[in-house]
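Right, one structure below, let's go through it.
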C-alpha cells in the first residue's frame, strides 16, 4: 500500500482507455501502433511533460513475439500457422517471449517518471499489489512466482491455485518506465496456450537448443473468469480500474494524449515496422 500511494496518491493522473479506439494520431490502431505509443508516452512522461499514466489496451487476436522468438530457426513455419488462424503476428520492441492477445485479454500499463525512483523490483510489486486490490472483493488468493509450463514465464507470473492468469513485464525508456501486464479476463486460456504450444512446436529447430523456450502446458493457464467463476468483461474491469484510481487522486483523471507524443509515436512506429519486416515477408 505504501508503494502504491508513493507512486499514485494525490497526483495528477492520466488514464488512457485504448480498449476500443480505431486510430492513434490518425494511424490505424493495431499491436504495432500500441507498442510504439507506449514508448512515446514513456518518453514524454519521463520528461515530466505528461502526468503518470495508466493505459488500458486491447487488440484483436494477435501473437506478440519477444525478441528471442524472432530468432527461432523455423520461425516462418510458426508464423504461417498463426496466420492461417487469422491472427496477426508481431515482434515487440522488448525481451520476454510469446504472448497471445485477443479481445478478452486486457493489457494494463503503468507509465511513470523518474525510473531511478521506482526500482525494477518495486515496479513488479506495484502491479502485483494493484492486481490484488482489483480483485479484493472476490477474496482471491493471488500469488506471484514463475509458473513452469506457462507461456512467457517469469518470476512475477500471477496465479491462483497454480494456474497463471497474468504476466508482468517492464520496459524502461529514457527517464520513463512502463510496467506492463496482460490479464486474461474471459475466454479459454487453455485454448490460447494450445495455440502458443503449437507455434513453438513448429517454429523451434534443432539449433534452438541453446536457448530455453517454454514447453507450454495448457493446463497451468486459466482466465480470471475460469478461476473465480465470474462473468467479468473488459468493460467491467475498466470501470473497476477507473473507480480505484479516482479514489486515490484529488483531481479528475486526464484522458487524452498530448501533442508532444505524436512525433515520438511516428518515429517509434517506423522502428516497429522495420523490426517486423521479417514477419511481413512470411505473409500468406
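Structure data summary
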{"quantity": "Sites residue 71 and residue 116, calculated FRET efficiency, Cβ-Cβ separation with R0 25 Å, nearest 0.05", "calculated": "0.20"}
{"quantity": "Contour minus Cα-Cα distance for residue 103 and residue 20 (0.36 nm per residue)", "calculated": "28.9 nm"}
{"quantity": "Order by protection proxy (mean Cβ within 10 Å, highest first), peptides 196-205, 41-50", "calculated": "41-50, 196-205"}
{"quantity": "Segment residue 6-residue 247, extension gain: residue separation times 0.36 nm, minus the distance between their alpha carbons", "calculated": "85.3 nm"}
{"quantity": "Debye log10 I(q)/I(0) at q = 0.15, 0.23 Å⁻¹ for region 191-281, Cα point scatterers", "calculated": "-1.04, -1.08"}
{"quantity": "Residues of region 218-241 with amide N under 16 Å of the 7 Å Cα→Cβ point at residue 255", "calculated": "235-241"}
{"quantity": "Segment residue 80-residue 48, extension gain: residue separation times 0.36 nm, minus the distance between their alpha carbons", "calculated": "7.3 nm"}
{"quantity": "Mean separation of Cα contacts under 8 Å (6+ apart) over length of the chain, as relative contact order %", "calculated": "27 percent"}
{"quantity": "Exposure proxy order (Cβ contacts within 10 Å, fewest to most) of 207, 223, 137", "calculated": "137, 207, 223"}
{"quantity": "Dimensionless Rg ratio for region 2-271, taking C-alpha atoms and the 2.2 N^0.38 Å reference", "calculated": "0.97"}
{"quantity": "Residues of region 59-79 with amide N under 17 Å of the 7 Å Cα→Cβ point at residue 210", "calculated": "68-75"}
{"quantity": "Separation between Cα centres of region 75-150 and region 7-56, rounded to whole Å", "calculated": "16 Å"}
{"quantity": "log₁₀ of I(q)/I(0) at q = 0.10, 0.11, 0.16 Å⁻¹ - region 35-187, Debye sum with one point per alpha carbon", "calculated": "-0.37, -0.45, -0.95"}
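A short reminder: the numbers here are calculations on the coordinates, not readings from a lab. As the structure is a prediction and not an experimental result, all values here were calculated from the model. With ideal geometry, Cβ positions are generated from the backbone for all residues, glycine too; neighbour counts draw on all protein chains shown.
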